[in-house]
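Structure record follows, encoded as structure tokens.
The values are calculated or read from the model by the stated rules, or taken from the named source; none is laboratory data. Please read these numbers as outputs of a predicted model, since none were measured by experiment. Note that each Cβ is placed from the backbone with ideal geometry, even for glycine, and that neighbours are counted across all protein chains shown. We work out accessible area using only protein heavy atoms, side chains counted, and drop any ligands, DNA or RNA first. Shrake-Rupley method; radii C 1.70, N 1.55, O 1.52, S 1.80 Å.
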Amino acid sequence: MLSWYYLKGIIMLAGIYLLPVLGLSLLTGFTGLFSFGHAGFMAIGGYTTAFMMMKLEVPFIPAILMGGLFAAFFSFIIGKLTLKLKGDYFCIATLGFGEAIRLLLDNIQYFGGARGWPGLPLKTTLITVIIIDIIAVILLRNIIRSRHGRNMIAVREEELASSIIGIDTFKYKMISLVISAFYAGVGGGLLGTYLGFLQPKIFSLTRSTELTIIVIFGGLGSLTGSVVGTILLIALPEILRSFANWRLVVYGVIVVFIMIARPEGLMGGKELSFDVLRNLFRKRVKEAKAEGGK
Amino acid sequence: MNILQVNGLTKQFGGLTAVNDVTFDVERGSITGLIGPNGAGKTTIFNLVTGVYKVTGGKIVFDGKEIQNEEAFKIANMGITRTFQNIRLFKRLTVYENVLTACQYNANYSLFEAMVFGLVPKKIKRNSRFYREEKLLKEQAEELMEILGLQDRRNFIANNLPYGFQRRLEIARALALRPKLLLLDEPAAGMNPEETEKLTELIAFIRDKFDLSVLLIEHHMDLVMEICDKIVVLNFGCKLAEGTPKEIQQNPEVQKAYLGGGNNA
Amino acid sequence: MKKFLSLLVVFALVISLFSGCAKKEAGDVIKVGWIGPLSGDQAVWGQCESNAVKMFFEELNNNGGLLGKKVEVVAYDTRGDGTEAVNAVRRLTSQDKVIAIIGPNSSGQAIPISSILEEMKVPDIATVATNPKVTVVDGKVKPFNFRICFIDPYQGAVAAGYAIDVLGFKKAAILYDIGDDYSQGLTQYFEETFTKKGGQVVAKEGFKTGDVDFRPQLTKIKAANPDIIFMPYYYKEVALSAKQARELGITATLMGGDGWPSEQLMTMAGDAVEGSYIINHLDFDDPEVQPFRNKYKQKFGKDSEINGYLATDACTLLVEAIKKANSFEGEKIKEALEGIEIKGITGNIKIGKDTHNPENKEAAIIKIENGKYKFVEKYAVK
Amino acid sequence: MSGFIQQIINGLSIGSVYALMAVGYSLVYSIMNFSNFAHGGIIMFGAYFGFFFMTLYKFPFSVAFIASGICAALMAILVERVAYKPLRDRRAPFLYFIISAMGVSIFLENIIIATIGPTFRTYPEVFSAQPIKIGNLAIGRIDLTMFIISAVFLVLLIYLIDHTKIGKAIQATSFNMKASALMGINTDFIILLVFGLGGFLAGLAGVLFGMKYTVYPQIGNITLKSFIAAVFGGLGSLQGAVIGSVLLGIIETITSGYISSQYRDLIAFVLLIFILVVRPMGLMGKVTEDKA
């Protein structure tokens, strides 16, 4: 049987990765901006949280929030400089940012440099992760279903038309970037306190691209998709574990296949909400009754 | 009084002068036509007025304020909005979502309010600004769809709409801002005579209903001549003539430009 | 149709997740785990380790097994990544129920797994995780983490000591990989020891993991005119940087750590590394090393990397501990490991009770002469 | 002083490696408007083709060189057919292309690891390792050869694009694909051609790279630098890619040599941001206003 201990580990990891994925989902899926630097924001969040807890003895939750805030602050500066850039130029700028953050951390011996920072308190528990995830999903859902979220979607769909109907496109790109960096930062903080260890290597470019792939896999413009995508894609390498060195080959094939065969991702921009579930359920009940009536 | 005054407006792209020292006014409550052969600089003027392009020289005064250096979204919020020649809808959203998005102009609730009140029991929510304004926005969207006859197709994806309805949807989206000045870029392009006729009525109706002024680019001369109070003619980036439809029809230079330009659209 | 397809995918994934564990536990088989990189940029070393471990237990099984049971090796890929290592260890300890784990090959993977090992009471013997903090943090030994290799401070100190005391060099330059924990560790301790002994580090230049051109740094090093250049990184970069150094006309002696030794280095670097010194775990030409070396080459068609030797010793260590404990229980194996002494291919190994490191393991100084690794002497820093 | 000149030589040599990679990438960008992240994978395969041609089949260098280019070109075309054409047919947004490209690059790197293994492989020596010495300066023979080969092929490519009929068609397609199709240009063929050309250059780059720095599955990673170089120069502009590459090479060496080798990439990144803030479309890219 599948052991709970192992499963718990995967769930926790998926729950932790869900945060940066949600952030990226807002940025890429709802605002149409592509970032290769989110591992960098995770790193900032992780190291800030560690710093707060280890050096300043700040309690766990405030420390994690500080990590998020600090990542958001960085994203604000980066956004000021680069959000005016178009398409690939913005991509490369974020890519450079992510790598630069890693290089910086490699060099800062105070945080352990490339050798990492061991001995962090293991504060992340399954319950915390799940609670934070639920809050994160609800907040994001609320944003998306408000005029602010609609404005972001408008920016994604047609930037010029958005500004013509009075949307400050720069501001909404910025809001989206800052929120997504905050989420990534919190995720980084949780990761650090889950592993008990931080190392710049963890926040590599590969990690950033993985996050993006998860968002796309789940479906651009769908929060449910991001959630399902995270669970599946964090589990996928685990499932493929037995394939040893073939698993990344399979991973690559799956990514291309999804793009070709089902580019709208798992959820195809749709959301699975309680309403939908309820309706589905009612329909079933009705059908059942109708059948029973015969 | 004039709602819009364009004064010595000039735009250069590299060495090319697309708009050269153009001056004209749009009277409040009027429908003004902007005509001219292809490449005369009509759409460029729209782009300059709405802040899409940066002005090279000259002044644009809207409602007593100079706006030539403002950003596009600010100009929109002041009360100028437009449609596009090559329709720019939020393609993958539904008709309803397109209109609702544009209605955002009429709401003020903050991001924070949205985050807090988005998913709380109705009892608490009911008194929040978020709830009130969202409700209002939805009503406005419904109303706009009703006026433009889009109700039946509210759940269509914008991209799948028939052409004429896409144009209507663009107008609906623009009207959501309660503009004082509406810029229409070839609203009748690709329409048959019957549809054009309907559109002509619609534009006049909108002007009265929403109490706004209209500046429109159009190649359908019937439409222009029928509803415009004033017409401005452009040729090669310069203003050629200005006057009532009758005056323009009789202007020999305009005739020459249209015939000589090899474009009798 | 689409819904059906996606449902199908989900279903297939779930099935495969469970299927891995449907195998029945056979009573006479015990499992030993191995983790390390089978993919990613460290795959060279990981694949060699996993080969060596599998070869070791295959042979053991053929010779009657361990305490009357057959040993099955469960090897999982970590891509060299800490989070993946954590997942792999969770799976090994709870689902596969391994009695012990061999690997991983880097400190970045070995450090985060320690809390799980403690929770599940499964001992782990790391192969080349050289950061002191793998086994000891804040003066406290981590109960279930062991290792078979010597640690950064030791290796760095040996290199510096040998360079200054034996070879008599006074001016050293260091070129290191900023993004690599191993490289940063050796650099730090080399610099400390070298300056403490009265030497001078005239240049310290860094590069980033994945770089292939080192001439800008080497040009700067050349201007500082060192006697010796310490290059604490892996052989691919060593070959490139050594070649480029010679190309720029640098004649200083080169020196490196256990990232160097590989049969590949010679083919890749050619003359450029001639006359260089290496701090190694063992003497490749030692007759006692030959059986493993030949067996590996015969079986896999290529030479074993240094990791293969250490992984084999880790296996030997584990087997001896199990025999000593006469039990497959994690805690008993752990106790048996503490203070155990074995004779492995990399020398005599005695695991310290308070450090969980091999103690007093002498380093082998190897010189490259005529394109061959030539054993010079065993050396311990004073 | 000689140190400084040596650093400039180093920079030029590193820059020419970037350039050879960046040009193929920029060429594809100019027509497809997306960053083809699979380019690195093709370069890596090019290096392996060259290696096996020379060791297994004992081809002479020049033959192996061109043959690898051709094989890489075929591969690039194959990648286009499999991973991009379906997206193109559907007019998918550029995001999907990038993701698909990333998938391809993950696949290519790992298929090599899984099949022929992650070991490093060294090319047989073609050019003497002895550098040309001028006083205190050293110029590597491989570097010089690479520089010349890169220059020759780049000039040929730029000639092809600027002065031949097919080049004009490529330019037209990159300017406006729809209009070009209406004008009777077979845009599908042009796209294949561009991928072929890009792949050919990638193959050559791979062989030269492998010869100089050995062959291993992660070669593709170095192309990140050439992406950055292409952005420096302005995406889609071949001249820009060359200038950006040389500039990046020199910036890197000067930073390593005179400021800090530890913070080299950080400084390069800050510079990149600075350039993009001043010139949002890179050095040679055209600043365009959105057409409404």
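Tally the DSSP beta bridges in chain C and give the antiparallel ones as a percent, rounded to 5. Antiparallel bridges make up about 40 percent of those DSSP assigns within chain C. For chain D, lysine pairs separated by 8 or more sequence positions, or belonging to different chains, with Cα-Cα distances below 20 Å total 8. Surface burial for D against A, with a 1.4 Å probe and both sides summed, reaches about 3800 Å² of accessible area.
Rounded to the nearest 500, the 222 nm mean residue ellipticity of chain C from helices alone is -12500 deg cm²/dmol, with -39,500 (n - 2.57) taken per DSSP H run of at least 4 residues. According to the square roots a ≥ b ≥ c of the eigenvalues of the Cα gyration tensor, what is the shape class of chain D, taking rounded for a/c under 1.5, prolate for a/b larger than b/c otherwise, and oblate for the remainder? Oblate. Heavy atoms of the protein chains alone define the surface here; on that basis the protein assembly as shown has 38 Å² accessible area per residue at 1.4 Å probe size. Among beta bridges identified by DSSP and lying wholly in region C:42-165, the antiparallel ones come to about 40 percent. Computed from backbone phi with θ = phi - 60° and the Karplus coefficients 6.51, -1.76 and 1.60, the 3J(HN,Hα) list for region A:69-77 is 5, 5, 4, 4, 4, 4, 5, 4, 5 Hz; x is used for glycine and proline. Shown for the protein assembly as shown: the carbon plus sulfur share of the solvent-accessible area, taken with all protein chains present and a 1.4 angstrom probe, equals 59%. Taking Cα atoms only, the orientation of helix C:43-62 departs from the longest principal axis of chain C by about 50 degrees. Surface burial for D against C, with a 1.4 Å probe and both sides summed, reaches about 2800 Å² of accessible area. Taking amide hydrogens as placed 1.01 Å from N in the peptide plane, the amide H of C:V73 sits under 5 Å from those of C:V32, each at least 5 positions away in sequence or on another chain. The C-alpha atoms of chain C define a longest principal axis, and helix C:181-196 lies at about 40 degrees to it. Close amide H contacts of C:E377 (hydrogens built in the peptide plane, cut-off under 5 Å, sequence separation of 5 or more or a different chain): C:I365.
Burial here means at least 40 square angstrom less accessible surface with every protein chain in place than with the chain by itself, probed at 1.4 Å; in region B:81-127 the buried residues are B:F84, B:R88, B:F90, B:R92, B:L93, B:T101, B:Q104, B:Y109, B:L111, B:M115, B:L119.
Given a Förster radius of 41 Å and the C-beta distance between C:K121 and C:E192 as r, what FRET efficiency does 1/(1 + (r/R0)^6) yield to the nearest 0.05? My answer for the efficiency is 0.65. Net length available on complete extension from C:D28 to C:E58 is 9.3 nm, with 0.36 nm assigned per residue and the Cα-Cα distance removed.
Just check chain A against the gyration tensor rule for me: Cα atoms, a ≥ b ≥ c as the square roots of the eigenvalues, rounded for a/c under 1.5, and otherwise prolate or oblate depending on whether a/b exceeds b/c. Note, shape of chain A comes out oblate. Counting only DSSP beta bridges whose two residues both lie in the protein assembly as shown, roughly 50 percent are antiparallel. Estimate the FRET efficiency between D:L74 and D:F189 by the formula 1/(1 + (r/R0)^6), using the beta-carbon distance for r and 22 Å for R0, to the nearest 0.05. Computed FRET efficiency for D:L74 and D:F189: 0.90. A simple spin-label model places pseudo-atoms 7 Å from Cα toward Cβ; at C:K299 and B:E71 they are separated by 6.6 nm.
Which of the lysines could be linked to B:K123 by a straight reach, that is with a Cα gap under 27 Å, when you skip same-chain ones fewer than 8 residues away? B:K123 reaches B:K135, B:K138. Give the lysines whose C-alpha is closer than 28 Å to that of C:K196, dropping any in the same chain fewer than 8 places away, or say none. Reachable lysines: C:K133, C:K140, C:K170, C:K171, C:K204, C:K208, C:K220, C:K222, C:K361, C:K367, C:K378, C:K382.
Note on chain C: GNM, Cα springs under 10 Å; of C:F190, C:F300, C:F56, the largest mean-square fluctuation is that of C:F300. Taken one residue at a time, the phi angles of region D:71-78 give Karplus couplings (6.51, -1.76, 1.60, θ = phi - 60°) of 4, 5, 4, 4, 5, 4, 5, 4 Hz. Gly and Pro are set to x. Whole-Hz Karplus values for region C:114-121 come out as 5, 5, 6, 4, 5, 5, 8, 6 Hz, taken residue by residue from phi with 6.51 cos²θ - 1.76 cosθ + 1.60 and θ = phi - 60°; glycine and proline positions read x. Distant-in-sequence amide contacts of C:L282, defined by a placed amide H-H separation under 5 Å and a gap of 5 or more residues or a different chain, comprise C:A364. Only helices enter this figure: runs of n ≥ 4 DSSP H residues, each worth -39500 (n - 2.57), summed and divided by the residues of chain D, yield -23500 deg cm²/dmol at 222 nm to the nearest 500.
With contacts taken as Cα pairs under 8 Å at a separation of at least 6 residues, chain A carries a relative contact order of 32 percent. What the Cβ-Cβ distance of B:N155 and B:K123 gives, at R0 = 25 Å and to the nearest 0.05, is a FRET efficiency of 0.25.
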